[in-house]
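S.K.: Please find one structure pasted underneath; my questions will follow.
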Amino acid sequence: MQASGSSTLNWGSEMGVFIRIAILLYLPIVACRAADSESALREQFTRRTGEIVLPRGVTTLRQPLVVAGDAHDLVIRGAPGGSTLRASSRFQGKALIHVPGGTRVTLRDFAIDGNRLALEKPIGFPPSDVPFVKFYDANGIVAENARELAIENVQLRQIANYAVLIAASRQVRLLRLRIADSGSRNAKGRNNASGGILLEEGTEDFQVLNSKLERVRGNGIWTHSLYTSPRNKDGLIAENEIRVTARDAIQVGHATNVRVDRNTGRQIGYPSAEVDVENQGWPVAIDTAGNVDRSVYVMNEFEELNGKCIDLDGFHHGEVRRNRCVNTRPAIEYPYGHFGIVMNNTNPDMRSEEIVIIDNELEGMKYGGIFVIGRRHRIEKNRMRYLNSAECPESPRRIPCVFKVDEPDMLQSGIYVGRGAERPDPGAENKIVDNLIMGHGMKDRCIVFAPGVARETHQLERNICLNPPVKNSK
């Protein structure tokens, strides 16, 4: 018995040596096959027209797959059974797929794994004269100067920076994308706006439809251009779902004629620790930036906002209709909670004029319902319930209740008509009629005018102002 046991032990030790030798011999073969697979795929990407079918299973990339700049009528699709492009831990380059031009290029039916754990590095914003596409690497898909570009049914996860970044392109269709767990942070651990879908530098005739974004650190879907660049225009952002982002769910920046329609979202401004407080990147369900006109925000619904419902910074000559934002928890649980709808005028090329705000629902906002500056707006038939959940100025939880010491009533008002925002622009000639304004102190502080703002120039009719129902203590 002893001899037999000794024999077994020696045999096992010899097998262990054999296995280790086999592994050492096998690994270079696997690496060689992987290199051959990437090389063969890269050869396919030299095609300028026709169809490229990605390999079935997982293909690991160390460098971008680059579409020919003069490609046309080219389809890049996944294989039956599924295709995934995965970034190597040594990946270097602009994106896993880079489309630097081309006409009628379609990417569809595959997945991208950006290997964020290995590739994420602390990074902030580009300088004000540098487009985002020139600043960020390790993105999912990047397209520049493309025409008639379509990206359909693509899953992108663990992308270090932007899942999809489109610059200076035309006739762009982004359909049924699934984006999760993407985006990087700056040196302080805050979001830097990355992680989602960005269209910039005068991209026009674009659509982002039926897509789902979850746990994106920065903005979900947004447009942006340098101040000196053409505005983005003629866009539709519709029927998308955005859940858990520390910045904006949707932002329309430096644009004209964009429709934001029937999008939904939840937990905007989370996690709170990743909110970009140093750069005042306050979370918003639907945000605006730059100079934005002829645009419509309609029938969007968002819940649990650690920020604003709709920010109209730079928005003018447009419409905000039938949107709904709801918060259900105590005010203390929304550290960056705010007004529901806010007007602002940071961009020097615009004035806040002729905005239609009709038939919106705001519930549980931390402070007021609508902050108004500028002139000739129509604010009608909005239903605002349980405003001022902070219970200012009597807040029992010591929540800050004063934003400007010379305008102490601002945060405790249902509708506040201000003197200006970034620049002076006192409210004047606005129509405020048929609104329901209910919340803490709203019976007495329903519609409030800032010092020096002329009340008599406004049309105020049939507004219903109520305190909330008294809770039954039994």
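S.K.: Going by the structure shown, is Glu363 surrounded by fewer than 20 Cβ atoms within 10 Å (Cβ to Cβ) and acidic (Asp, Glu)?
M.R.: Numbers: surrounded by fewer than 20 Cβ atoms within 10 Å (Cβ to Cβ): no; acidic (Asp, Glu): yes.
No: the conditions fail for Glu363.
S.K.: Here are the criteria: (1) touching a Ser or Thr at 6+ places or on another chain (Cβ under 7 Å); (2) assigned to a loop (DSSP other than H, G, I, E, B). Tell me which single one Leu149 does not satisfy.
M.R.: Here Leu149 clears every test but (2).
S.K.: Turning to a different aspect of this structure: Can you find, within segment 79-115, the residue that is least open to solvent (accessible area, probe 1.4 Å) among those that are outside any strand (DSSP E or B) and within 21 Å of Ser211 (Cα to Cα)? Let's see the steps before the verdict.
M.R.: As a first pass, look at segment 79-115 and keep what is outside any strand (DSSP E or B): 79-82, 88-94, 100-102, 114-115.
Okay, now just the ones that are also within 21 Å of Ser211 (Cα to Cα), so 82, 114.
Details: Gly82: 34, Gly114: 3 Å².
That would be Gly114.
S.K.: On the given criteria, is Tyr297 buried (at least 22 other Cβ atoms within 10 Å of the Cβ) and among the aromatic types (Phe, Trp, Tyr)?
M.R.: Numbers: buried (at least 22 other Cβ atoms within 10 Å of the Cβ): yes; among the aromatic types (Phe, Trp, Tyr): yes.
Answer is yes for this residue.
S.K.: On the basis of being at pLDDT 95 or above, among the aliphatic types (A, V, I, L, M) and surrounded by 20 or more Cβ atoms within 10 Å (Cβ to Cβ), does Ala390 make the cut?
M.R.: On the way: at pLDDT 95 or above: yes; among the aliphatic types (A, V, I, L, M): yes; surrounded by 20 or more Cβ atoms within 10 Å (Cβ to Cβ): yes.
Considered against the rule, which asks whether it is at pLDDT 95 or above, among the aliphatic types (A, V, I, L, M) and surrounded by 20 or more Cβ atoms within 10 Å (Cβ to Cβ), Ala390 comes out as yes.
Yes or no, residue by residue, for (1) touching a strand residue (DSSP E or B) at 6+ places or on another chain (Cβ under 8 Å); (2) under 15 Å from Gly374 (Cβ atoms); (3) open to solvent by less than 40 Å² (accessible area, probe 1.4 Å); (4) in a strand (DSSP E or B):
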| position | (1), (2), (3), (4) |
| --- | --- |
| Pro408 | no, no, no, no |
| Glu422 | yes, yes, no, no |
| Met438 | yes, no, yes, yes |
| Gly441 | no, no, yes, no |
| Val448 | yes, no, yes, yes |
| Pro451 | no, no, no, no |
| Leu460 | yes, no, no, yes |
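S.K.: Look through segment 462-474, keep the residues that are modelled with pLDDT under 90 and not hydroxyl-bearing (Ser, Thr, Tyr), and return whichever of them is surrounded by the most Cβ atoms within 10 Å (Cβ to Cβ). Walk me through it before giving the result.
M.R.: First, pick out the residues of segment 462-474 that are modelled with pLDDT under 90: 469-474.
If we keep only those that are not hydroxyl-bearing (Ser, Thr, Tyr) as well, we get 469-472, 474.
Details: Pro469: 8, Val470: 6, Lys471: 6, Asn472: 5, Lys474: 3.
Filtering first and then ranking leaves Pro469.
S.K.: Specify the residue that is farthest from Ser88 (Cα to Cα); the eligible residues are those in segment 128-137 that are open to solvent by less than 70 Å² (accessible area, probe 1.4 Å) and not hydrophobic (A, V, I, L, M, F, W, C). Give the derivation first.
M.R.: Kept after step one, since they are open to solvent by less than 70 Å² (accessible area, probe 1.4 Å), are these residues of segment 128-137: 130-133, 135-136.
Pick out the ones that are also not hydrophobic (A, V, I, L, M, F, W, C) and you get 131, 136.
Numbers: Pro131: 26, Tyr136: 17 Å.
Taking the candidates together, the pick is Pro131.
S.K.: Quick one: what pairs do we get from segment 44-71, first residue under 21 Å from Ser89 (Cβ atoms) and open to solvent by 50 Å² or more (accessible area, probe 1.4 Å), second assigned to a loop (DSSP other than H, G, I, E, B) and hydrophobic (A, V, I, L, M, F, W, C), C-beta under 8 Å, 6+ apart or different chains?
M.R.: Sorted first by the residue in segment 44-71, then by its partner, the pairs are Arg62/Phe91; Gln63/Phe91; Val66/Phe45.
The values are calculated or read from the model by the stated rules, or taken from the named source; none is laboratory data. These numbers come from a predicted model, not from an experiment. Cβ sites come from the backbone with ideal geometry, for glycine too, and all protein chains shown count toward neighbours. Quick note on the areas: whole protein, heavy atoms, side chains included, nothing else; ligands and nucleic acids left out. Shrake-Rupley method; radii C 1.70, N 1.55, O 1.52, S 1.80 Å.
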